[in-house]
Each structure stands twice: as C-alpha cells, then as structure tokens.
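Undergrad: Pasting in a structure now, in structure tokens, and then I'll have a few things to ask.
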Amino acid sequence: MSGRDDLFGRYCLPGNRYKKLLSARVLTGDREQALRFGRAMADDGRRASVAELEGLLVGDWREAGTACWLIGFAQRWEFRPELRRRLLAGEAGRAAKGITFALARSGQAADAEVLAHRLAADLGDPADRRYQPWVLGGLLVVEERLGLKLSGELLAPDGPWERWAEANTFHSRESAQWARLVRQWVELAEAVRG
C-alpha cells in the first residue's frame, strides 16, 4: 500500500468519513453517534502528524477536505495560514466546506475577513454554484462570535447574496439557515474537545 493510500485509508475512509462530512446527516441523526463521530475526528486530528496532514492537503478533494475537517476538530491552528491562503486564492475547490468549518471554529477576525473576501468575489457570478452558502454561514458564525459585521453589504436588499440566490436553486436562500448549519458543526467540535 502506498503512503497516499495509507493516508486515505486511515483518515478518509473510516465509516465513510469523507462522505459524511459532505452532508449534515451526522448532525441530524442520533446525538450519541454524532458525538462518537466528532470524537473520532478530534482524536485523529490530534494524532495526525504535520507531515500526514500536509500529505492529505495536497491530495484529491476527498483527502484535502478531510484534512481541513481534522484540522478544525483538533484545533491544529498551525495550518490556519494555509487554509486562509487557499480560500483567498480561490484554490479551495471541494475542500471549501472543510476550510470554512475550520475557519469558523478558529473564529478570528482574520478568518472572517478571508470568508467575506471569498464570498464577495464569488457572488458576482450567478452561474458559480459551489460553496457560497457554506462560506456565508461560516462568515456569519464568526461575526456573531466576535461582534463583527462584514456581511452587511453582501446581505443588503437586492445585494450580492440576494441576486446570487435568486439565480440559483438550492434548498434555502435564508442566510440564517446556513449559519445554523455551520454553527452546529462548530458546536459538535466544541462538545468533543478534550
């Protein structure tokens, strides 16, 4: 088994972890199962070496995304500059949910600025339907925690979010729903920190 396969098998595959991270089913199911999932994420995130997390981050979307979630659950803040860089540069791809979760969990003003910048850059293209709702949710969570208001212009009536949301079909245009979803992930991580 190659080193890459070993990392994938050890960190992404247990219980179809990378698939669970893409949905909210972990949050809506049995609370004890959610806590077990969260503890496993935090434990693996703490156990992973810097080299292993770096190896995951340069992997495919499943590996990079899982690495970001592990970083957030385990509060491995030495990776925060790299996560911010990727989001700012538009290099997040399908790992954006994991990056957003980690930055929302970190909750620093610089994290909010990065999330606001990415969102402002991406809402201008109504055809771009990737991770914008999730980034908005992360931004709102950090704003709430710090008492900041960077999203005002983005959420203004007939503003960028409203125009983008009208051009797209997804299950909720309500910014509060996206903040609630990100907040639930952050609360799960807080509940299992050790």
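Undergrad: Could you please let me know if residue 146 is among the hydrophobic types (A, V, I, L, M, F, W, C), within 14 Å of the chain's Cα centre (by Cα) and modelled with pLDDT of 95 or more?
TA: In short, no.
Undergrad: Pairs only if they're at least six apart or on different chains, beta carbon under 7 angstrom, first in the stretch 174-194 and open to solvent by less than 30 Å² (accessible area, probe 1.4 Å), second among the basic types (Lys, Arg); list them, first residue then second.
TA: 186/105; 189/105; 192/39
Undergrad: In the stretch 149-169, what residues are touching a helix residue (DSSP H, G or I) at 6+ places or on another chain (Cβ under 7 Å), open to solvent by less than 60 Å² (accessible area, probe 1.4 Å) and in contact (Cβ under 8 Å) with a residue 24 or more places away in the chain?
TA: Answer for the stretch 149-169, where residues must be touching a helix residue (DSSP H, G or I) at 6+ places or on another chain (Cβ under 7 Å), open to solvent by less than 60 Å² (accessible area, probe 1.4 Å) and in contact (Cβ under 8 Å) with a residue 24 or more places away in the chain: 151, 154, 160, 161, 164.
Undergrad: Further question on the same structure: Please enumerate the residues belonging to the stretch 46-57 that are assigned to a helix (DSSP H, G or I) and over 15 Å from the mean Cα position of the chain (by Cα).
TA: Passing the criteria: 46, 47, 50, 51, 52, 53, 54, 55, 56.
Undergrad: OK, next. May I ask you to verify whether residue 58 is free of Cβ contacts under 8 Å to residues at least 12 places away in the same chain and more than 20 Å from residue 15 (Cα to Cα)?
TA: Considered against the rule, which asks whether it is free of Cβ contacts under 8 Å to residues at least 12 places away in the same chain and more than 20 Å from residue 15 (Cα to Cα), residue 58 comes out as yes.
Undergrad: Check 15, 29, 9 and return the single one that is among the small types (Gly, Ala, Ser), on the phi > 0 side of the Ramachandran plot and out of contact with any strand residue (DSSP E or B) (no Cβ under 7 Å at 6 or more places or on another chain).
TA: Exactly one residue qualifies, and that residue is 15.
Undergrad: Filter the stretch 79-112 down to residues that are in contact (Cβ under 8 Å) with a residue 40 or more places away in the chain and basic (Lys, Arg) and give me whichever is most open to solvent (accessible area, probe 1.4 Å).
TA: 97
Undergrad: Applying the selection to the stretch 16-42, what residues are open to solvent by 50 Å² or more (accessible area, probe 1.4 Å), part of a helix (DSSP H, G or I) and without any contact (Cβ under 8 Å) to a residue 40 or more places away in the chain?
TA: 16, 19, 20, 25, 28, 31, 32, 33, 36
Undergrad: When you go through (1) under 17 Å from the mean Cα position of the chain (by Cα); (2) within 24 Å of residue 183 (Cβ to Cβ) one by one for residue 15, which number turns out not to apply?
TA: Status for residue 15: all satisfied but (1).
The values are calculated or read from the model by the stated rules, or taken from the named source; none is laboratory data. These numbers come from a predicted model, not from an experiment. Here Cβ is always computed from backbone atoms with ideal geometry, including for glycine, and neighbour counts include all displayed protein chains. Remember, those area values only see protein heavy atoms, side chains included, never the ligands or the DNA or RNA. Shrake-Rupley method; radii C 1.70, N 1.55, O 1.52, S 1.80 Å.
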